[in-house]
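Reviewing the structure listed below.
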Amino acid sequence: FAQIASDGVYVVGDSQSTSVPPALFLYKQGESAVSVFADLNPQFEHLMLAPVKTVSWKTSTGASISGLLFEPPNYRAGQTYPLVIHTKLEVGQFLCDTGDSHYPSFAPQPLADSGILYLIRSWPEGKAPGDDLAFFPKGYPGGIGEAAFQMDIWDSAVRDLSAAGLVDPNRVGIVGFSRT
């Protein structure tokens, strides 16, 4: 999902990841290195960002789901935390205020910094959008099976994170819109 432009000799674009803010890079065809020429967010070099780890769980219908869990910078094992669930998929962009779309309600870094675990679903490489269809609960009319599946994804995540002693199941919030 990076933004790039090229004149056939030079490629200019942005480089970022889930916990690394965007920077602009330049690459010249035939060279072996890419150079960063603009750090768009230098203030982040002096901030302690929430560590992010990959977590996996299974739904009640057996679907394997993975996600990114943002932990508070001062995370302590054995302590239970409140949880915010972000239902839209993570797509490899810097997650502070959710990348290109910049929805202000999606704020993983600020919430984690405030002592709240933040969970967002990730999409494993090689997985096709229709792969979830086989795990939709049966017996629902129209597209309601998809909604029930989305609920199952997050109910299952809370169940597993609670069983692991990470999350207080009575302190869970959810933010999302549209199909998720």
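The values are calculated or read from the model by the stated rules, or taken from the named source; none is laboratory data. On a predicted model such as this, the values are computed, not experimentally measured, just so you know. When we count neighbours, we look across all protein chains shown, and the Cβ atoms used for this are built from the backbone with ideal geometry, even at glycine. Protein only, heavy atoms only, side chains kept; ligands, DNA and RNA dropped before computing areas. Shrake-Rupley method; radii C 1.70, N 1.55, O 1.52, S 1.80 Å.
In segment 38-67, which residues are of a type in the set (S, T, N, Q), modelled with pLDDT under 90 and open to solvent by less than 40 Å² (accessible area, probe 1.4 Å)?
Asn41
For segment 68-90: of the residues being under 22 Å from Pro22 (Cβ atoms) and surrounded by 14 or more Cβ atoms within 10 Å (Cβ to Cβ), which is modelled with the lowest pLDDT?
Looking at residues that are under 22 Å from Pro22 (Cβ atoms) and surrounded by 14 or more Cβ atoms within 10 Å (Cβ to Cβ), I get Glu90.
Against the conditions (1) part of a loop (DSSP other than H, G, I, E, B); (2) modelled with pLDDT under 90; (3) open to solvent by less than 40 Å² (accessible area, probe 1.4 Å), where does Gly115 fall short? Just the number, please.
(2)
I'm checking my understanding of the structure. Among residues of segment 7-44 that are among the β-branched types (Val, Ile, Thr) and in contact with a strand residue (DSSP E or B) (Cβ under 7 Å, 6 or more places away or on another chain), which one is farthest from Asp113 (Cα to Cα)?
Residue satisfying both the conditions and the ranking: Val9.
Quick test of your reading of the structure: Phe135 fulfils all but one of (1) of a type in the set (Phe, Trp, Tyr); (2) at pLDDT 90 or above; (3) touching a His at 6+ places or on another chain (Cβ under 9 Å). Name the failing condition by number.
(3)
For segment 1-19: of the residues being surrounded by 14 or more Cβ atoms within 10 Å (Cβ to Cβ) and modelled with pLDDT under 80, which is nearest to Leu40 (Cα to Cα)?
Result: Gln16.
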